[in-house]
Amino acid sequence: MPVRQGKGRKSAEFVKAKDHMASFLDLPQEAVCDWPRLTLIGNSRLLLENHRGVVTYESGLLRVNATLGQLEITGKDLKLKVLRPDAMAVEGSIKSIKFLERY
Amino acid sequence: MRGQDWQAFFKNYVVIEVEGNNLEEFLDVALHQGVIFWDIIQGPGPKFRAKIPVACFAQLRPVARKTRCRVRLMDKRGIIFWWQRVKTRQSFLAGAVLFLLGLLFLSNFVWAVDVLPRGELKKVDPNLLKVVAAEAGLRVGTWKGSLDARALEHEILMRVPELAWVGVNFQGTRACIEVTEKLFPLAEEGGSEPAHIVAAKDGIISEILVLAGQARVGVGDTVRQGDILISGLILPPRENPSGQEGQPGPPALPRLVRARGIVRAKVWYEAEGQSPREEVKEAFTGEHSTTVILRTPDREYILKGSPEPPYLSFRQENRIIKLPTWRNFTFPVELIIVTYFETSVDRRWLSREEAVTRAKEQALLSLRQSLSDRARVLGDRIIGITEEPGLVRVKVLLEVEEDIGQTVNLREPPRQAGS
């Protein structure tokens, strides 16, 4: 088993091992790996679970922190319908959802 | 979520406006504190408006200080805030309570009294019943609690002897008096005026029984309609023809009574019947087919089956299924289920005798329906047969023994009794 390096940072191997274990045990990956789970309904509603905070919020752009990096949502009249510590619901006409590279 | 729109009323939330340069940081820190936001609206400029639960509001102050944002409370919504507002408007609250109490209070009174006759009222005037009910205590404006329906029924029944049954019930603020009238026996038997019994029909007397009055006819007499059968005028017995006693005595005077009695007589009725020579018999073959039609106000849609009856000769049975009506609203769409039963038609020529028998039966049937229950049929006779192409007409004479007496009041003293 890989050992945690430093203060709470997970190594790439550790994440990979968890990923393997999740698929081996048939567990939902978003639960095991803390990945964001996105549920998109049409282009008008997005349910985003497991987020790590809002970075930018404008009516045409929404950036959200997540485990895999930042999520960029662009669209028109974006509105945060619900914002909870672990989940959010975005309404509006969504144009794109993009994972920004980790920096 | 959509459901929050109506749930929000019970949720007790506050609308806040946050202003500052690092709003995202504010949101981030607040989320870590466990604050829930909803309906976040980006305002013009560096501010946003959001709704948060009441309990979370206190948590926001340190967050705002930390992130150097300004939080302003814009609105308080929810049932407790509503209640607080209502509490400050005491008179409004009092008015609402008073209104409800007034409604409750007024609904305890009778505001309408209606008479609902069961069957036709012949003797009793519904308005009179209302007056009687008012005298018994049931009037508009009475407190319902002071009324006892059973006692009222009894009281009304006692005061109006023509009634057989009274039912009082309350439907909200409306009192319904249901009444049924007594059925009195026929009026002519109840009369006490002097009367004759006269013949209602022509006939030959076969039996006469006098209960009151004096017989004017005997068995075997032929009477015509209107003849006096039993007279209500009783003549004194004749003086002895020989007059050997020689004692005149006080002159007996004629007496007037109401004649009663039974006079049965043979009466003849004539009737005509006809029968076609061709007999058409229709029998079901057992074949049937069903058509289901949906009818809307504009047109009909055939859901199943053929639009035309599939048989040459058939009987049709329609079943209409409607949704129950509600008040004045009738659902405009209905379902019609038509079942066609195939029949086979059989034609046969009747012999003359058969046709005559049928025609006679038909004639007798129509006659018997018009006879009274107490009539006794003595016999029937065919008195004439006319034949037309394809048709036989028969004239039948029916001999019946029945009561022909009819009570007729003496309005004026009879000019002469007997003949």
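The values are calculated or read from the model by the stated rules, or taken from the named source; none is laboratory data. Remember, predicted model here, so these are calculated numbers, not experimental data. With ideal geometry, Cβ positions are generated from the backbone for all residues, glycine too; neighbour counts draw on all protein chains shown. Protein only, heavy atoms only, side chains kept; ligands, DNA and RNA dropped before computing areas. Shrake-Rupley method; radii C 1.70, N 1.55, O 1.52, S 1.80 Å.
Specify the longest stretch of chain A that does not include any exposed loop site, a site being one of the GluC sites (Glu not before Pro) with a non-H, G, I, E, B DSSP assignment and at most 16 other Cβ atoms within 10 Å.
Working: sites that count: A:Glu58, A:Glu101.
Here the longest run is A:1-57.
Computed from the mean reciprocal separation of all distinct C-alpha pairs, what Kirkwood hydrodynamic radius does region B:279-346 have, in Å? Show your work: numbers first, answer last.
On the way: mean 1/r = 0.0735 Å⁻¹.
When all Cα pairs of region B:279-346 are included, the Kirkwood radius is 13.6 Å.
Say each of B:Gln33 and A:Phe24 gets a label point 7 Å from the Cα, pointing the same way as Cα to Cβ; how far apart are those two points in nm?
Distance between the two pseudo-spin positions: 4.4 nm.
Multiplying the sequence separation of B:Leu371 and B:Trp82 by 0.36 nm and subtracting their Cα-Cα distance, what value in nm do you get?
Between B:Leu371 and B:Trp82, full extension yields 95.8 nm more.
Apply the a/c threshold of 1.5 to the C-alpha gyration tensor of the protein assembly as shown and tell me whether it is rounded, prolate or oblate.
oblate
Roughly speaking, what is the stretch gain from B:Ile41 to B:Glu361, that is 0.36 nm per residue apart minus the C-alpha to C-alpha distance, in nm to one decimal?
Stretched out fully, the B:Ile41 to B:Glu361 stretch lengthens by 105.7 nm.
On a straight-distance basis, which lysines could pair with B:Lys201 in a cross-link, Cα separation under 16 angstrom, same-chain partners fewer than 8 positions away excluded?
Candidates past the 8-residue exclusion: B:Lys266.
Counting only other chains, what is the mean number of Cβ atoms within 10 angstrom of the Cβ of each residue in peptide B:30-38?
4
Compute the FRET efficiency between B:Trp326 and B:His154 as 1/(1 + (r/R0)^6), taking r as their Cβ-Cβ distance and R0 = 35 Å, and round to the nearest 0.05.
Values: r = 38 Å, r/R0 = 1.10.
After rounding, the FRET efficiency stands at 0.35.
Which residue, B:Phe284, B:Phe331, B:Asn318, has the largest displacement toward the positive end of the dipole of region B:279-346 when charges sit on each Cβ (Lys, Arg +1; Asp, Glu -1)?
B:Phe331
Going from most exposed to least, what order do B:Phe341, B:Phe26 have by accessible area with a 1.4 Å probe? Walk me through the numbers before you get to the answer.
On the way: B:Phe341 60, B:Phe26 0 Å².
The residues order as B:Phe341, B:Phe26, largest area first.
Based on the mean of other Cβ atoms within 10 Å per residue, sort peptides B:170-180, B:382-392, B:99-109 so the most packed one is first. Walk me through the intermediate numbers first.
Values: B:170-180: 15.7, B:382-392: 12.5, B:99-109: 10.5.
So the order, starting with the most tightly packed, is B:170-180, B:382-392, B:99-109.
Taking both sides together, what accessible area is buried at the A/B interface, probe 1.4 Å, expressed in Å² and rounded to the nearest 100?
Working: alone 7080 and 28410 Å², together 33960 Å².
The A and B chains share an interface burying roughly 1500 Å².
Which value results when the Cα radius of gyration for chain B is divided by 2.2 N^0.38 Å? All intermediate terms of the calculation are to be shown ahead of the outcome.
Working: Rg = 45.7 Å, N = 419, 2.2 N^0.38 = 21.8 Å.
My calculation over the Cα atoms of chain B gives 2.10.
For the protein assembly as shown, report the accessible area per residue in Å² (1.4 Å probe, heavy atoms, rounded to an integer).
On a per-residue basis, 65 Å².
Per the helix-only calculation at 222 nm, which mean residue ellipticity applies to chain B, given -39500 (n - 2.57) for every DSSP H run of n ≥ 4 and division by its residues, nearest 500 deg cm²/dmol?
Taking each H run of at least 4 residues, the total per residue is -7500 deg cm²/dmol.
Let me make sure I get this right: for region B:294-419, a, b and c are the square roots of the gyration tensor eigenvalues over alpha carbons, sorted descending. Under 1.5 in a/c it's rounded, otherwise prolate if a/b > b/c, else oblate. Which is it?
oblate
Expressed in nm to one decimal, what extension gain is obtained for the pair B:Arg61 and B:Asp202 from 0.36 nm per residue of sequence separation less their Cα-Cα distance?
Stretched out fully, the B:Arg61 to B:Asp202 stretch lengthens by 39.1 nm.
Considering only the protein assembly as shown, what is the antiparallel percent among its DSSP beta bridges, to the nearest 5?
Of all bridge pairs located within the protein assembly as shown, approximately 95 percent are antiparallel.
Do any of A:Lys76/B:Lys47; A:Lys76/B:Lys66; A:Lys81/B:Lys66; B:Lys144/B:Lys322; B:Lys11/B:Lys47; A:Lys95/B:Lys47 go past 29 Å between their Cα atoms, and which? List each step's numbers first, then the result.
Numbers: A:Lys76/B:Lys47 19 Å; A:Lys76/B:Lys66 32 Å; A:Lys81/B:Lys66 25 Å; B:Lys144/B:Lys322 40 Å; B:Lys11/B:Lys47 24 Å; A:Lys95/B:Lys47 24 Å.
Going by Cα-Cα distance, A:Lys76/B:Lys66; B:Lys144/B:Lys322 fall outside the 29 Å limit.
Label chain A by shape, choosing from rounded, prolate and oblate, from the square roots a ≥ b ≥ c of the eigenvalues of the Cα gyration tensor; if a/c is under 1.5 it is rounded, and otherwise prolate applies when a/b is larger than b/c, oblate when it is not.
prolate
Just reorder A:Asp26, B:Asp373 by solvent-accessible area, largest first, 1.4 Å probe, all chains present.
The ranking, largest first, comes out as B:Asp373, A:Asp26.
Accessible area of B:His32, 1.4 Å probe, to the nearest 10 Å²?
Probe radius 1.4 Å; accessible area of B:His32 about 150 Å².
In region B:36-95, which trypsin sites (Lys or Arg not before Pro) fall in coil by DSSP and have 12 or fewer other Cβ atoms within 10 Å?
Answer in residue order: B:Arg68, B:Arg89.
Given a 1.4 Å probe and every protein chain left where it sits, what share in percent of the accessible area of the protein assembly as shown is carbon and sulfur?
Working: 18310 of 33960 Å².
Looking at the protein assembly as shown in its full context, I get 54 percent from C and S.
In peptide B:46-53, what is the residue-averaged number of other protein chain Cβ atoms found within 10 Å of each Cβ?
Neighbouring Cβ atoms belonging to other protein chains average 1 per residue here.
Going by amide H atoms built from the backbone, whose H comes under 5 Å of the H on B:Asp202, apart from near neighbours?
For B:Asp202, whose amide H was placed from the backbone, the distant partners under 5 Å are B:Gln225.
Run the reach check for B:Lys182 against lysines, Cα to Cα strictly under 25 Å, same-chain hits fewer than 8 apart removed. What comes back?
Within reach: B:Lys122, B:Lys123, B:Lys130.
Ignore the peptide's own chain and count Cβ atoms of other chains within 10 Å of each Cβ in A:45-57; give me the average, rounded.
That average works out to 3.
Enter the angle in degrees (range 0 to 90, nearest 10) between the Cα long axis of helix A:12-25 and the first principal axis of the Cα atoms of chain A, meaning the one along which they spread out most.
Computed tilt is about 90 degrees.
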